[in-house]
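Okay, structure first, notes after.
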Amino acid sequence: MEERSGRIARLQAGDEAEWEALVREFSPQLFRYFLCHLGPRERATAEDLVQETFTGALQAIGRFKLEYSPAQFLFGIARNRLVDLIRKRRHREILLPPTPPDESQSSGIGAHLGRFASDRRSPAESALAWEENLRRRKALAGCLRSLVGSLWEKGEFEQLKVLEFLLALGGRNKEAARIFQVGSERAVAGIKFRALGKIRECLREKDPSRTLFPGLWAPGAM
C-alpha cells in the first residue's frame, strides 16, 4: 500500500517519469483490451481509445482512491470510453436509413430482412411472441437486479466488477484475473459459475409453467 500511495502521489504531482512508466506498463494491456472488444480491424480506434484513457486518467488522478490499484483505475476509465463508443455507434446505426433491397439480398442485413419477409405468423401470433419475449427480458432483468443487490449488500464490489467485465463486456477469465487482481483464473471462473447458477435458479422460480425458459428445464440442464 505504501508503494502504491507513493506512486499515486508522484502521478498526482505530475511526475513525468512516473507517467511515462505508467504509459509503458499499461498501454499494451489497454490496447489488447480494446482490440478484444472491437475486433482486429479496429486497431486505429483501439489506439485512439488508449490515448483517451490516459487523458482521462490525467484529468481524474486527483480523485484516485487508494483502495483501488492503478490497473483498476485505468481499466475503469477504459471501460467508460468503450461504452461511450458503443453507444455512439448504436445511436448512429439507428439514425441510418435502411439498406435498399437490391444491395442486401445475399447475406448480412438482407438475409435477416428476407427472414422477416417470409414470416407467415398472424398478427395475433406475432403479438403473443412479442409479449413472451418481453416477459423473458423482464424476468432476466429482475434476476440480475436481485444478484447485483445481494452482492452490493454483502460488500462484494470486486465480484460485481468482475461480473460486469465478463457478462456485460464479454471479457475473458484470464484478463479479469489480471485486471482486478482477484486471484487465479480459476477463482474468476468460480465467481462466474456461482453467479450464473443463482441467475438460473432465479429464472426457474419465475417460470413455474416451464414454458418461458424451456432450456432451463431440458434434461441435463444445470
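The values are calculated or read from the model by the stated rules, or taken from the named source; none is laboratory data. Keep in mind that this is a model prediction, so the values were computed, not measured. Neighbour counts are summed over all protein chains in view; Cβ atoms, including those assigned to glycine, are modelled from backbone coordinates with ideal geometry.
Screening the candidates 158, 164 for the property of being within 22 Å of residue 31 (Cα to Cα), among the charged types (D, E, K, R) and surrounded by 12 or more Cβ atoms within 10 Å (Cβ to Cβ) yields one hit, 164. Looking across segment 10-24, the residues that are in a helix (DSSP H, G or I) and surrounded by fewer than 13 Cβ atoms within 10 Å (Cβ to Cβ) come down to 16, 17, 20, 24.
Is it the case that segment 2-9 has a residue that's modelled with pLDDT of 85 or more, of a type in the set (D, E, K, R) and either under 25 Å from residue 164 (Cα atoms) or assigned by TED's automatic domain parsing to the domain that holds residue 61 (or both)? So far as segment 2-9 goes, no, none of its residues is modelled with pLDDT of 85 or more, of a type in the set (D, E, K, R) and either under 25 Å from residue 164 (Cα atoms) or assigned by TED's automatic domain parsing to the domain that holds residue 61 (or both). I'd like the residue in segment 35-51 that is crowded, with 17+ Cβ neighbours inside 10 Å and at pLDDT 90 or above and, out of all such residues, is farthest from residue 16 (Cα to Cα). Ranking the candidates gives 46 first. Cβ separations smaller than 7 Å between residues 6+ apart or across chains give the following pairs from segment 55-71 residues that are of a type in the set (Phe, Trp, Tyr) to residues that are crowded, with 16+ Cβ neighbours inside 10 Å and part of a helix (DSSP H, G or I): 64/8; 64/73.
Checked against (1) hydrophobic (A, V, I, L, M, F, W, C); (2) under 30 Å from residue 166 (Cα atoms); (3) in a helix (DSSP H, G or I); (4) modelled with pLDDT under 80, residue 113 meets all criteria but (2).
Identify, from the list 70, 28, the residue that is within 25 Å of residue 176 (Cα to Cα) and at pLDDT 90 or above.
Details: 70 fails: at pLDDT 90 or above.
Every option except 28 fails the conditions.
Each residue in segment 171-205 was checked for being buried (at least 17 other Cβ atoms within 10 Å of the Cβ), modelled with pLDDT of 85 or more and part of a loop (DSSP other than H, G, I, E, B), and 0 pass.
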